[in-house]
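Report on one structure; see the data block that follows.
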Amino acid sequence: MLKIFSTQLSGVFKKIMEKDSFEMEDAGRLLAQAVVGDGSVFIHGFGEMQGVVVESLEGEEPFPKAKRYTDDSRISHEDRLLLFSRHSDDPEAIKFAERLHQEGIPFVAVSTVVPSEGTTLVELADVHIDLRIQRGLIPDETGNRYGYPTLIAALFAYHGIKFTVEEIIQEYEDESEG
């Protein structure tokens, strides 16, 4: 089972890299604006995606100028937000994203795109990255699927965004010194 899961997960990573590489670059540029400026990057995760927030703040290599978003956070127009949700139609995430959108706060959303009758994170976010996990990765004997690694995929996307931000910061610092 682990071999099947690993193979399928590698396929998810490959799809994210191939299909969302431009979005990763755009996300990095958007978030780097706060990092090189006077803002902060607030990171917020819904449900299991809070794991990405923990990684971004307490991991071995924290995200530059990152802060955990809480209901008490004061966000200004210099700040940027990085939002993680399992699905693009998550009602709680959409409510939060609508507020950010109305206040003119630029943000990146990371979630699996799902069909929806209403507004989704895809329409609200300045940049959206699709996790591309529509179903479990491992088939069972009855035709069902299990092994739904949204947090693992979100961490992969997070690191891709973080590496891009760090490259942009390095280029900015090199230009400032030269």
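The values are calculated or read from the model by the stated rules, or taken from the named source; none is laboratory data. Bear in mind that the values here come from a model prediction, so they are computed numbers and not experimental data. When we count neighbours, we look across all protein chains shown, and the Cβ atoms used for this are built from the backbone with ideal geometry, even at glycine. Remember, those area values only see protein heavy atoms, side chains included, never the ligands or the DNA or RNA. Shrake-Rupley method; radii C 1.70, N 1.55, O 1.52, S 1.80 Å.
If only one of Asp89, Asp38 is exposed (fewer than 15 other Cβ atoms within 10 Å of the Cβ) and out of contact with any Leu (no Cβ under 6 Å at 6 or more places or on another chain), which one is it? Break it down stepwise before answering.
Numbers: Asp89 fails: exposed (fewer than 15 other Cβ atoms within 10 Å of the Cβ).
Going through Asp89, Asp38 in turn, the sole match is Asp38.
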Going through segment 25-35 in order, the residues found to be of a type in the set (A, V, I, L, M) and open to solvent by less than 10 Å² (accessible area, probe 1.4 Å) are Ala27, Leu31, Ala32, Ala34
In segment 6-42, residues that are within 13 Å of Ala154 (Cα to Cα) and either in contact with a Gly (Cβ under 8 Å, 6 or more places away or on another chain) or without any contact (Cβ under 8 Å) to a residue 40 or more places away in the chain (or both) total 3
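Let's see how each residue does on (1) surrounded by 13 or more Cβ atoms within 10 Å (Cβ to Cβ); (2) in contact with a strand residue (DSSP E or B) (Cβ under 9 Å, 6 or more places away or on another chain):
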{"residue": "Leu9", "(1), (2)": "yes, no"}
{"residue": "Gly47", "(1), (2)": "yes, yes"}
{"residue": "Gly59", "(1), (2)": "yes, no"}
{"residue": "Asp71", "(1), (2)": "no, no"}
{"residue": "Ser76", "(1), (2)": "no, no"}
{"residue": "Asp79", "(1), (2)": "yes, yes"}
{"residue": "Leu82", "(1), (2)": "yes, yes"}
Residues of segment 110-123 being at pLDDT 95 or above and either in contact with an Asp or Glu (Cβ under 6 Å, 6 or more places away or on another chain) or open to solvent by less than 20 Å² (accessible area, probe 1.4 Å) (or both), in sequence order, are Val110, Ser111, Thr112, Val113, Val114, Thr120, Leu121
Subset of segment 124-138, residues touching a residue at least 24 places away in the same chain (Cβ under 8 Å), more than 15 Å from the chain's Cα centre (by Cα) and part of a loop (DSSP other than H, G, I, E, B), comes to Leu137
Residues of segment 147-172 being charged (D, E, K, R) and open to solvent by less than 10 Å² (accessible area, probe 1.4 Å), in sequence order, are Lys162
